[in-house]
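Enquirer: Below you will find the structure I want to go over with you.
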Amino acid sequence: MIPATCPLCGTRYEKDQQWKKTCLSCWIAKKNAEKDSSSGTDNELLTAQREVLRLKAELSVLRLARPQTTGTSAAGKHAYSTKFIGTDNPRELRAIHALMRRPMPREHLDNEVGCSNGPDLISNLRAKGLEIPCTRVPDLDRDRLPMPTPQAMQN
């Protein structure tokens, strides 16, 4: 199975056959429109169904939007937006897609996205209105010793 994005509505789907070009919802809408057009109905239904699917895909991304806030990030660098304003930055888009699949440590995000400063990338996405929760997970370093917490590093 290969992850793919539907060109008609923008939703993610699993492509299990090479010939599949759209998600199941768009394929069904297209087939229904073809039946209707063969009986004399126009393609307005297909267009409307595609628009509904596109809006549903946008809504799923907007659900990640941060609720009403007026504060700034911990670094004070960005004032958070209350609505996701979107992005066309390829790295940010790769980060969004990677984080929608599963949570991951910053090193894995750096590798998947193709950047060397994942925290700044996340900060930029938060400034654009996305809520991306980050939690500190206890881990071991390369010598198999527990990694120090920020409180222990300050002492």
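Enquirer: May I ask you to sort Lys83, Lys20 by Cβ crowding, counting other Cβ atoms within 10 Å and putting the fewest first?
Expert: Going from sparsest to densest Cβ surroundings: Lys83, Lys20.
Enquirer: Which peptide among 4-11, 135-142, 90-97, 101-108 comes first, and what is the full order, when sorted by highest mean count of other Cβ atoms within 10 Å?
Expert: Highest mean packing first, the order is 4-11, 90-97, 101-108, 135-142.
Read-outs throughout are calculated quantities, based only on the coordinates presented, and are distinct from any laboratory measurement. Just so it is clear, the model here is predicted, and its values are computed rather than measured. Neighbour counts are summed over all protein chains in view; Cβ atoms, including those assigned to glycine, are modelled from backbone coordinates with ideal geometry.
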